[in-house]
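The values are calculated or read from the model by the stated rules, or taken from the named source; none is laboratory data. Small disclaimer: the values here were computed from a predicted structure and weren't measured. Neighbour counts are summed over all protein chains in view; Cβ atoms, including those assigned to glycine, are modelled from backbone coordinates with ideal geometry.
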Amino acid sequence: MGARACMLGAFPPDTFAQPPEGLEELCKETDPRRGAATLKSEVMKATTGREGAAGRVQWLSLAWYELALFSAMQGRCCPSAAPLVLPEARGCDALDAPLRELASQARGALAPQALQAPLERLDAGIRCVLHVGATGHYGRTRAPTAESKKWLFTWLERLEQGGRAGRLSAVRDGAACTGAPGWDDRQVLVPCGSYVKVLEMVAGKGLEPPTRRV
């Protein structure tokens, strides 16, 4: 399987009407922020006008963990990729070390227990970055959440399975929000498309997805 097909396997099947070209170029990317931003841009462009699409909802729900997802995708799909590099924040270890560890681990098992150690180190690094106020490197102002980590493993499950349906990958436009952070289909008072706009708004402000109903 080529790098492009490998990467596409991680996305919910409703994400792209026409799969983007050039994803294999991300194998050359050494900055996970740029890599994640490129993938996010492709998702947002592909789902314009389909705000309830699972790919859009699930990507926006990753928050900080879009860095981890890009690292895992590159590690699994690009065997010869160069090591990832990020700037150091004063008084903190750079986040690139746990991301490189995730990339390496992604060549094997992607189960939560296999990734626990590098993700704990990533979380600790993020907390330090937030504590010292070095968020300018990342554009986020709040700590990672358990909800976002749950979505990370949904993406990683598909990546590991080579695109076969994971726990949530069969979700379609009309129900794409079910299970998203803060969404409860028994309680939420806005349609899915409006809820995704909330996710986009908080992501644009560097915040984390809401964890209570909108």
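Here are some notes:
- Restricting segment 105-148 to residues that are modelled with pLDDT of 90 or more and polar (S, T, N, Q), the residue that is surrounded by the fewest Cβ atoms within 10 Å (Cβ to Cβ) is GLN116.
- Inclusion of THR38 among residues that are within 20 Å of TRP155 (Cα to Cα), without any contact (Cβ under 8 Å) to a residue 24 or more places away in the chain, surrounded by fewer than 22 Cβ atoms within 10 Å (Cβ to Cβ) and out of contact with any strand residue (DSSP E or B) (no Cβ under 8 Å at 6 or more places or on another chain) is warranted.
The rows are residues; the columns are (1) in contact (Cβ under 8 Å) with a residue 12 or more places away in the chain; (2) surrounded by fewer than 21 Cβ atoms within 10 Å (Cβ to Cβ).
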site: CYS6; (1), (2): yes, yes
site: LEU26; (1), (2): yes, no
site: GLY49; (1), (2): no, yes
site: ALA68; (1), (2): yes, no
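- Residue that is modelled with the highest pLDDT, among those in segment 149-168 that are part of a loop (DSSP other than H, G, I, E, B) and either of a type outside the set (A, V, I, L, M) or crowded, with 18+ Cβ neighbours inside 10 Å (or both): GLN161
- One residue stands out among those in segment 8-24 that are surrounded by 14 or more Cβ atoms within 10 Å (Cβ to Cβ) and among the acidic types (Asp, Glu): the one that is farthest from LEU39 (Cα to Cα), which is ASP14.
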